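The values are calculated or read from the model by the stated rules, or taken from the named source; none is laboratory data. Predicted model, so just to flag it, every value in this text is computed and none were measured. Note that we place each Cβ from the backbone using ideal geometry, even for glycine, and neighbour counts take in every protein chain shown. Areas reflect the complete protein model, heavy atoms only, side chains present, ligands, DNA and RNA absent. Shrake-Rupley method; radii C 1.70, N 1.55, O 1.52, S 1.80 Å.
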Amino acid sequence: MLLVLKVRKVLTRVFSEMRWYTIVLALLFYALSTWILLYVSGEDALLNINDFIYWLVVTGSTVGYGDMSPVTSAGKYIVSFYVIPLGLSIFALVLGRVAAWVSMQWQKGVKGLKPLDLENHVLVIGWNGQRTIQLLNLLLKERAETENKPEIVLCVKADIDNPMPDKIEFIKVMSFNNDKEMDRACVDKAAVIVMDNEEDDVTMTTSLYCSKRNNSAHLLAYFKDESLVDLLQTHCPNIECTPSVAVEMLAKSAFDPGSSLLQHDLLTVQEGQAQFSIEVPESVPQISVEKLFITLKQRYNATFIGFVEPSVPAKVTLNPNFDETILPKYKLFYIAEQRINHFDWQILSE
């Protein structure tokens, strides 16, 4: 009994340490040795290559359909004491390895250790606990209203697992400025990069890095200290910076009651009116603000509120005069009940 236990321990250690190429060689040896033994025992009906592979898999895995079986006494002994015991061990080993590999790949995804292969995705860099969760939920709701449905990726340095494993992709890195690690998040292929960290200095360095790696993406950075906004935009004018406006909203609501409710309603993705944006295609000729305003209201029940010129991306022109002109590549802002995914620009050209 003691000898059996020792042999069992040795075999368990050997099988557990076997690599994939060793397992493949063991399978080949198992199949070849079985075929030779069947040939020697005179089991001619099982030697055809197609029948042999089918029979060996069915028998070795102990499924045992019974449609093919040995007929000689020697063949029956070979199957009983060699094919089934050895086959069961090898098949169990293969299935165990496959299950362990699948589990490991899932764990790597949850823990953010698996590199991604994405493009045109939304990349959120930074972790602020519940605020990041709220941001991700808002992004998911906004994505539901778009046509292309981009993937959302969360990239963090914090020691956490994927907070939404069934909804977003997740990457954990040691530094937001390391090329090799940030390549796992496909930072150079992202369409939108949102940077929101607990420390403004981390957001600053991350913004500079992302601007260098992916200058064509829509870059967004959140700062608690508004003075850093001008500093960053001096070096990276293409980054859209969002400072904290909580104090400003308190002051505004003090003299204009309801202002905070208005801003909350325009920013929320729940029921009610909300603020959206759209870019004028290059194929559209210049149009007047008057025609755009009337068309939006009549056709989509939307209200045009302003625009941004591509040459001055940091300046928003609100409530423009009717005689002003809108050109291609301008970004338009409007208020509507839902996003306009299919805007008929041809109407404005008529």
Q: Give me the angle, in degrees from 0 to 90, between the Cα long axis of helix 289-300 and the longest principal axis of the Cα atoms of the chain, rounded to the nearest 10.
A: 50
Q: Leaving ligands, DNA and RNA out of it, work out the accessible area of E337 with a 1.4 Å probe and give it in Å² to the nearest 10.
A: 130
Q. Is the shape of the range 142-190 best called rounded, prolate or oblate, per the rule: a/c under 1.5 gives rounded, else a/b larger than b/c gives prolate, else oblate, with a ≥ b ≥ c the square roots of the Cα gyration tensor eigenvalues?
A. oblate
**Q.** For the chain, size of Cβ-based charge dipole, Lys and Arg +1, Asp and Glu -1, in debye
**A.** 1800
Q: Please compute the Cα-Cα pair-distance distribution of the range 15-79 with 10 Å bins starting at 0, giving whole percents from short to long.
A: 20, 51, 22, 7
**Q.** Nearest-ten-degree value, helix 49-60 long axis tilted from longest Cα axis of the chain
**A.** 90
Q.
Test of understanding: in a Gaussian network model of the chain with alpha carbons linked when under 10 Å, which of S227, S73, S216 would top the mean-square fluctuation ranking?
A. S73
Q) By how many degrees, 0 to 90 and rounded to 10, does the Cα axis of helix 246-255 deviate from the longest principal axis of the chain? A) 40
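Just to be sure I understand: of the beta bridges DSSP finds with both ends in the chain, what percent are antiparallel, rounded to 5? All intermediate terms of the calculation are to be shown ahead of the outcome.
Working: 15 of 35 bridges.
Here the share of antiparallel DSSP bridges comes out near 45 percent.
What does the helix-only formula give at 222 nm for the chain: each DSSP H stretch with n ≥ 4 adding -39500 (n - 2.57), the total divided by the residues, and the result rounded to the nearest 500 deg cm²/dmol?
On the way: 13 runs with 159 residues, N = 350.
Result for the chain, helices only: -14000 deg cm²/dmol.
Quick one: accessible area per residue over the chain, 1.4 Å probe, rounded to a whole number of Å²?
Result: 61 Å² of accessible area for each residue.
Probe radius 1.4 Å, ligands and nucleic acids left out: which of W35, W101, W55, W127 has the largest accessible area, and how do the rest follow?
W101, W35, W127, W55
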Q: Apply the Debye scattering formula to the chain, with a single equal point scatterer on each alpha-carbon and no solvent, then give log10 I(q)/I(0) at q = 0.09, 0.13, 0.15 Å⁻¹.
A: -0.69, -1.07, -1.32
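When the accessible area of the chain is split by element with a 1.4 Å probe, what percent falls to carbon and sulfur?
Values: 12490 of 21200 Å².
About 59 percent, which is the carbon plus sulfur part of the accessible surface.
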Q: Please arrange M204, M195, M174 by accessible surface area, largest first, computed with a 1.4 Å probe and ligands excluded.
A: M174, M204, M195
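So how do V316, V194 rank on accessible area, 1.4 Å probe, biggest first, that is with the largest at the start?
Details: V316 75, V194 20 Å².
Sorted descending by solvent-accessible area, the residues read V316, V194.
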